[in-house]
1. Treating the beta-carbon of each Lys and Arg as +1 and of each Asp and Glu as -1, no other charges, what is the dipole magnitude of the protein assembly as shown about its Cα centre, to the nearest 20 debye?
2. Select from C:A11, C:A184, C:A134 the residue whose mean-square fluctuation is largest in a Gaussian network model of chain C (Cα-Cα springs shorter than 10 Å).
3. How crowded by other chains is C:320-332, given as the mean number of beta carbons from other chains within 10 Å of each beta carbon?
4. Given contacts defined as C-alpha pairs under 8 Å and at least six residues apart, what's the relative contact order of chain B, whole-number percent?
5. About the Cα centre of the stretch B:55-144, what is the dipole size in debye to 20, counting +1 per Lys and Arg Cβ and -1 per Asp and Glu Cβ, all else neutral?
6. Using helices alone, I'd like the mean residue ellipticity at 222 nm for chain C: each DSSP H run of four-plus residues gives -39500 (n - 2.57), total over residue count, nearest 500.
7. Helix A:77-86 against the longest principal axis of chain A: what's the angle in degrees, Cα atoms only, rounded to the nearest 10?
8. How about A:K78: which aspartates and glutamates have a C-alpha closer than 12 Å to its C-alpha, ignoring those fewer than 8 places off in the same chain?
Amino acid sequence: MPVFEIGPMGAGFSDPVQHSQAIFRCVLESMARPGVRKDIPAMPYAPPPLNAASTAVALTLLDDSTPVWLDGAADTSKVREFLAFHCGCPIADRSGEATFAIVAGPMPSLDRFDFGSDEFPENSTTVIVQVAALETGSDICFAGPGIEDFAFMGDPGLTDGFWREWSDMGALYPCGVDLILTAQHRIACMPRSVRRIEAGRTAATERKPD
Amino acid sequence: MSGVASAAGGKTLAGYNFAYLDEQTKRMIRSAILTAVAIPGHQIPFGSREMPLPYGWGTGGIQVTASIIGADDTLKVIDQGADDTTNAVSIRRFFSKTAGVRTTESTREATIIQTRHRIPEAPLAEGQILVYQVPIPEPLRWLEPREVETRKMHALSEYGPMHVQLYEQIATFGRIAATYDYPVMVHGRYLMRPSPIPKFDNPKMDRNPALQLFGAGREKRIYAVPPYTSVKSLDFDDHPFSVESWEHCCGLCGAGASYLDEIVIDDKGGRMFVCSDTDFCTQRQAQGFRGPLNSEAAE
Amino acid sequence: MYVAVKGGERAIENAHKLLAEERRGDPATPEIALSQIDEQLSLAVDRVMTEGSLYDRALAALAIKQARGDLIEAIFLLRAYRTTLTRFGASDPIDTAKMTIRRRISATYKDLPGGQVLGPTFDYTHRLLDFSLADEAAPALAAEVPAEPGSAMPRVADLLNQEGLIEEEAPGEDAAVGDVTRNAMTLPANRDVRLQLLARGDEGFVLALGYSTQRGYGRNHPFAGEIRLGEVAVEFTPPELGFPVTIGEITVTECQMINQFKGSAERPPQFTRGYGISFGHCERKTMAMANVDRALRADDLGEEVTAPAQDEEFVLYHCDNVEASGFVQHLKLPHYVDFQSELDIVRRLRADFEARRTGEAAE
């Protein structure tokens, strides 16, 4: 996958229509089937510290109608310039007012983000989270819509505190946030509907909703 | 840039973007679809556009398809289960014209299937996307015409009135009289309209390996059912959900468990029954199955 | 043997050919030119531009020609084209106080600064078919040009405002203006969204609702404060320049209704406003729109909502003729799968009924 850099802004997609479609389908499939990891098919230049997958998702989903919040690590002048030039998205000062957020450092507390309301749960933040790795493994077990029985993946490097918050957020469903996890050129999604199954709990103790 | 199919194989419509919609509109619809997938069964408002086909003729499904389709997709379009009904033909032509994509009548070959009023008989697979055209997305609409009220009812999971309505049918008719657009509960949380498919198709929605997307253009709503998601038709312990059945089999392919269309063949009360899913019927005939009214059966 | 109906593709193509033939009519009659539609069916062009939400006379004329004079079909054509256009920004609000007036009347004052200007109007014509128009070479009549065009014509509502007799309408500085062509409406809608939907709304529907308010279904005592027709400049402020640049001129009709208001605990008695505006000259539409706009403000003004015209959800969800036309006409599409389901249940219910009756007779 060649990486192009043109000028200080870096290149966006060389074929925005086809590439953003292809990347959207990767995100859609990962959102529809939590646990599935997809390698993005087009590699734009990535302004540091963003990885290729975060950048590709940003180019695909962000525009002037989607305020984006950047965590301390992601909030660099290169990232700001890149997003302003290629996406035209406003930068939100407060995480609770953002349609999208990009987290390149430690995951902030989930309740910083907009969970939507019972009537409009869709008015929530979608958080693009850069994680250490998205590998196969059995460290994390998921259940929920999009998953036949259980889905497994390696440890992405999120803290116990995060998993506790994720579990607490489940009680507020349909309110909540959706996560797009990225590592290098790979993505996986955690829609708010997905539950982490603690190690030791077997299929027999887990009942699916009727 | 490896992995991405080269530009659309076929030609696209001069003066218009790939798949008609502009990129900003696609982004807006794509975000709505992602959120819809994350909240199964919940209707997401979206900025539906005027399409060059009339409202009520599939504009919601068309906008969803236009936002997800890529040059390497293979599209199937059905109306009433058939690929050759005029509106299905018209929508298929729209996408071959504007996106230059490959089209098919085969359920198995299609990566995206846009449908009005049916779910194909052949089982769908992981990776396939079924796009429904939806006229009225709100399952509570006949009980409560006001959007402001139905939104509250969904927020509170206040679905009692729907059960009452179905129970009143049992009290009046001895059975549930709803036959199509039969309400379902999705993931145990949201009451959802499956679009006007016959209730015969409802069980196919439950834990289906394919992704199911629903687009209502005029009503400006998108909703979704991810793969393997629980979809239960409303019923009662003493009146369990049941589907239509026929005393006949398909006159052409002999299928005994597919949804049948009734065809009036003369003005003396003559009727015949054939599969509503034309691809299913054709495949069966190709495999040598014959129904009682298929002339070749006699040979 | 039954053969499934095939050939949807060919049927459609043939239908398109027949339609083209019908549109053209007798080839012995000269083809109608877009300029003829624009110049001589100009009010049809105005309506199509207004409800099509696109100010382009030539495209509207083309749509009317292509739609064979079916204005709702023409509006649909224009709208479907409009959605594909890239937008590069929003203009500054037009200032109708600075309008180059061609018609201006007020029913609330006998005379007022700038005077009453009758302009081009059907009012006071006797609706007698003019057979001389059947003659294609009818001579044109030159109208007298008013001696003093361009004297100041303040808006009637502004005159009332000086005394504080009419509610003040402050421009919303910060609030972003909604856009019904880009975002789904959420309820309750704000007035910007309501006015957009009414301006695009079907003239017949809005007219009937406006009429209903005058017959007691949400009565709000309207006076035609002012109707003005003329040309206004459209200005755009490019962000990189920071000052407005005139990018063109459009014809608009504006109607300000003045309505009674008894006052409430929070507000003193004063007149209230209903507002209507259109591209071109759509006077009937703007007046009806102003009536409906005022009726829809019932909730804001603490009035009881009792009539259809006051019911925001009812009015806004049903005023769009492109939506309405599509959904009513979709009943032409095949529904035989659902009908089969209904046949199935009716047969079962009839069997149940017969069984019950036989059972009762046997007892």
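Bear in mind that the values in this text are calculations on the coordinates, not laboratory data. Please read all numbers here as calculations on a predicted model, not as lab measurements. Because the Cβ atoms are built from the backbone with ideal geometry, glycine has one as well, and the counts that use them run over all protein chains shown.
1. Working: 86 positive and 121 negative charges, 214 e Å.
I would put it at about 1020 debye.
2. Per the Cα network of chain C with a 10 Å cutoff, C:A134 tops the list.
3. Numbers: counts 3, 0, 4, 10, 3, 3, 10, 9, 3, 4, 10, 1, 4.
Mean shielding count: 5.
4. Working: 604 pairs, mean separation 59.8, N = 299.
Across chain B, relative contact order equals 20 percent.
5. Values: 9 positive and 11 negative charges, 50 e Å.
For this selection, approximately 240 debye.
6. On the way: 12 runs with 143 residues, N = 363.
Calculated from helices alone, the mean residue ellipticity at 222 nm is -12000 deg cm²/dmol.
7. In chain A, helix A:77-86 runs at an angle near 80 degrees to the longest axis.
8. The reachable aspartates and glutamates, counting only those whose Cα sits under 12 Å from A:K78, number zero.
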